[in-house]
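The values are calculated or read from the model by the stated rules, or taken from the named source; none is laboratory data. In this text the structure is predicted, and so the values were computed from the model without any measurement. Note: ideal-geometry Cβ built from the backbone for every residue, glycine included; neighbour counts use all protein chains shown. Heads up: the accessible areas ignore ligands, DNA and RNA and are worked out on the full protein's heavy atoms, side chains in. Shrake-Rupley method; radii C 1.70, N 1.55, O 1.52, S 1.80 Å.
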Amino acid sequence: MNDKDIAALADRIAEGRRSRKVMDFLAEATAGLSEAESYKVQFAVHDRLAAAGDPLAGWKVALTLPSQYEPLKLSGPVFAGIYRSGVRPSGAVFEKGWPLKAGIECEMVATMGKDAPKGTAAWTADTIKPMVRSFNCGAEVVENRYGDVTKVSGPGRIADDVLQAACIVGTEVKDWQAVDFAGLKGRSLFDDKEIGAGPGTNVMGGALISLAWLANKLNEHGTHLKAGDVILTGSVHPPVFLPGPGVAKTEFVGIGGTEITVN
């Protein structure tokens with residue numbers, strides 16, 4: 001795919017995102033996309049949406065388990081952008097018609113206190129820790145913008161920010177520096193019924209590990225985590241699409257969580 005093709009595809013995706021209409025073209029349009037090309041498209045989409053008034057607010061880590069990325073023929077976990085319009089507090093009520101077929105994931109949200117530029121050594125969980133300002137219990141709201149999401153390839157999902165719709169920021173984690181992120185238990189509920197659950201180890205072994213991975217990946221792509229960036233560090237369970245309108249919650253047992261209403 002040449003630069004002209006990448007630009008044209010980014011234009012179509014950005015327009016689809018702005019219009020909040022089903023992008024039933026994406027599966028076919030991205031069928032031959034390589035993983036490397038998909039990130040070029042994603043970054044081009046970021047540029048277009050930012051130019052339209054919705055800049056990046058941070059990043060997300062996704063598909064953290066081999067059982068998630070291998071069936072999509074991806075080399076490993078992936079990353080995508082989070083937009084300013086999608087960062088919302090716990091208690092948020094979503095307008096009717098958006099997200100398109102919403103789903104929920106239970107995640108820790110990190111907020112960066114310092115930049116994490118490329119250095120002489122790769123970032124690790126220990127070295128990224130002082131760069132973090134805070135952690136909050138959080139949720140990612142994803143959406144099926146494609147009609148049949150199962151037909152969209154791994155690279156196709158990367159190109160369109162891996163189903164990202166919103167980042168919900170909930171309970172602040174007190175004394176997070178002492179938290180055993182690997183030992184956390186997280187779950188999601190819909191109308192008070194559990195619909196997904198998993199351990200902190202599902203996030204590459206823990207939220208700080210995935211955050212360091214993200215810092216290194218962004219460095220490879222010529223950018224870096226910046227102070228103020230909001231980061232969805234990865235879900236403890238695969239996305240669960242909601243059956244309809246209602247109240248969805250996420251919870252990290254003993255720490256806190258989030259709540260949203262989808263109409």
Are any of the residues in region 49-60 among the aliphatic types (A, V, I, L, M), open to solvent by less than 70 Å² (accessible area, probe 1.4 Å) and closer than 17 Å to residue 145 by Cα?
-> yes
Which listed residue is touching a residue at least 60 places away in the same chain (Cβ under 8 Å), open to solvent by 40 Å² or more (accessible area, probe 1.4 Å), among the acidic types (Asp, Glu) and more than 27 Å from residue 220 (Cβ to Cβ), from 148, 191, 115 | 148
Across region 172-188, which residue is surrounded by the fewest Cβ atoms within 10 Å (Cβ to Cβ) among those that are farther than 17 Å from residue 134 by Cβ and touching a residue at least 60 places away in the same chain (Cβ under 8 Å)?
-> 185
Test residue 67 against the stated conditions and say whether it is farther than 23 Å from residue 261 by Cα, open to solvent by 50 Å² or more (accessible area, probe 1.4 Å) and part of a loop (DSSP other than H, G, I, E, B).
-> no
Determine whether region 1-19 contains at least one residue that is in contact (Cβ under 8 Å) with a residue 60 or more places away in the chain and surrounded by fewer than 19 Cβ atoms within 10 Å (Cβ to Cβ).
-> no
Check on residue 210, small (Gly, Ala, Ser), out of contact with any helix residue (DSSP H, G or I) (no Cβ under 8 Å at 6 or more places or on another chain) and under 15 Å from residue 125 (Cβ atoms) = yes
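Quick one: would you say residue 102 is under 18 Å from the mean Cα position of the chain (by Cα), over 30 Å from residue 5 (Cβ atoms), touching a residue at least 40 places away in the same chain (Cβ under 8 Å) and crowded, with 22+ Cβ neighbours inside 10 Å?
Answer is yes for this residue.
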Only residues that are among the aliphatic types (A, V, I, L, M) and either touching a strand residue (DSSP E or B) at 6+ places or on another chain (Cβ under 9 Å) or farther than 14 Å from residue 1 by Cβ (or both): list them for region 19-33, please.
-> 22, 23, 26, 27
In region 123-142, anything open to solvent by less than 10 Å² (accessible area, probe 1.4 Å) and either of a type in the set (D, E, K, R) or touching a Leu at 6+ places or on another chain (Cβ under 6 Å) (or both) is listed as 128, 140, 142
Might you let me know whether region 201-212 holds any residue that is closer than 15 Å to residue 253 by Cα, of a type outside the set (S, T, N, Q) and touching a residue at least 12 places away in the same chain (Cβ under 8 Å)?
-> no
Starting from region 57-73, take each residue that is on the phi > 0 side of the Ramachandran plot and of a type in the set (D, E, K, R) and list its partners that are in a loop (DSSP other than H, G, I, E, B) and open to solvent by 20 Å² or more (accessible area, probe 1.4 Å), counting only C-beta distances under 8 angstrom and pairs at least six apart or across chains.
-> 73/153
